[in-house]
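Undergrad: If you scroll down you'll find the structure; I have some questions about it.
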Amino acid sequence: LPYGTKGRDTIIRYTLNAAHRLVSVGAVKMLVIACNTATSCALPSLRKDFPDIPVLGVVEPGARAAVRATRTGYIAVLATEATIKGGAYQEAIFRLRPDARVVGLVEGEIAEAVERLYVSGLFEGSDRPDTVVLGCTHYPLLRKSLARVIGRGVSLVDSAEVTAESVEEYLTGKNLKNPSGVPGETHFMATDNAQRFART
C-alpha cells in the first residue's frame, strides 16, 4: 500500500512488521529498504531491531549521488509528503555538503501537465537546481517526461539505481556474494491483494 501519506508511527509499524516477516522466513544477509518513505521514517528502528543484519535504505545512496552530481549545490528532491516532512534527504545531503540548498517537492498526479505545474517554475531563470533526486521508488517511471519538463543540464538521480550499486559494493566488500554462480530463487510476499500484485 502507498506509505507516502501515512503517519510516521504507522509507517514504522508496517515496515517493522514486513521486515520481521522477511527475516522469519530464513537466513538474511542484508535488508534493503527499497522505499524512500519507509527509509526516511523507519531506518533507525530497523537497525535497532536487527543489530546483527546490515540494513541499507535508499536515502543515503541517493544523497551521495546527488552531492556527486551537483555543480552548484542546489538540489531538488521529488518525493512523497512523508519523505519530505521527515527530512531524511535534507539531513543526509547537508551532512555531505553543508552549503547545499535543498528544496523538497511532494508528489502530484502522474502526468506531464501536473509535473509542469509542480516543477517547471523551479527550473525557470538562472537560479535553479542543477540536480534532481527521484526520491520515490516509482518516480523513475517518470524520468523521460520529467527530463522534458526540467530541461537540459539538470542531473536526475535515481535513488533506487544507486542503492543497488551500494548493495553490490557492500556484498562484494564483505565477501557475501553468491560464489556458486547459480542464480538464487525469488520469492514475493504481498501485504494485500496478492492476485493483483501477481498480475502487475
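Undergrad: Report the residue count in segment 79-104 for those that are out of contact with any helix residue (DSSP H, G or I) (no Cβ under 6 Å at 6 or more places or on another chain) and either open to solvent by 20 Å² or more (accessible area, probe 1.4 Å) or of a type in the set (A, V, I, L, M) (or both).
TA: 11
Undergrad: Could you list, in sequence order, the residues of segment 56-78 that are open to solvent by 10 Å² or more (accessible area, probe 1.4 Å) and closer than 17 Å to ALA18 by Cα?
TA: Selection gives LEU56 alone.
Undergrad: Report the residue count in segment 7-43 for those that are open to solvent by 70 Å² or more (accessible area, probe 1.4 Å) and either more than 24 Å from GLU161 (Cβ to Cβ) or polar (S, T, N, Q) (or both). I'd like the intermediate steps shown before the answer.
TA: The initial filter retains those residues of segment 7-43 that are open to solvent by 70 Å² or more (accessible area, probe 1.4 Å), namely 8-9, 13-14, 17, 20-22, 24-25, 27, 29.
Filter again for either more than 24 Å from GLU161 (Cβ to Cβ) or polar (S, T, N, Q) (or both), leaving 8-9, 13-14, 17, 20-21, 24-25, 27.
Selection size over segment 7-43: 10.
Undergrad: Which of the residues spanning segment 138-155 are open to solvent by 40 Å² or more (accessible area, probe 1.4 Å) and within 16 Å of THR70 (Cβ to Cβ)?
TA: Residues satisfying the conditions are ARG152, GLY153.
Undergrad: Can you tell me which residue within segment 177-200, out of those that are surrounded by 10 or more Cβ atoms within 10 Å (Cβ to Cβ) and among the small types (Gly, Ala, Ser), is farthest from ARG21 (Cα to Cα)?
TA: Step one: list which residues in segment 177-200 are surrounded by 10 or more Cβ atoms within 10 Å (Cβ to Cβ), which gives 177-178, 189-191, 193-194, 197.
This time we only want the ones that are among the small types (Gly, Ala, Ser), so: 190, 194.
Numbers: ALA190: 11, ALA194: 16 Å.
Among those that are surrounded by 10 or more Cβ atoms within 10 Å (Cβ to Cβ) and among the small types (Gly, Ala, Ser), it is ALA194.
Undergrad: Here are GLY135, GLY173, GLY125: which of them is modelled with pLDDT of 80 or more, out of contact with any helix residue (DSSP H, G or I) (no Cβ under 9 Å at 6 or more places or on another chain) and not polar (S, T, N, Q)?
TA: GLY173
Undergrad: Please go through (1) outside any loop (DSSP other than H, G, I, E, B); (2) closer than 23 Å to VAL58 by Cβ; (3) open to solvent by 90 Å² or more (accessible area, probe 1.4 Å) for LEU171 and return the number of the only condition it doesn't satisfy.
TA: Every condition holds for LEU171 apart from (3).
The values are calculated or read from the model by the stated rules, or taken from the named source; none is laboratory data. Only a predicted model underlies this, so the values are computations on that prediction, with no experimental measurement involved. Methodologically, a virtual Cβ is constructed for each residue, glycine included, from the backbone with ideal geometry; neighbour enumeration extends over all protein chains shown. To get the accessible areas, we keep the full protein, side chains included, count just its heavy atoms, and leave off ligands, DNA and RNA. Shrake-Rupley method; radii C 1.70, N 1.55, O 1.52, S 1.80 Å.
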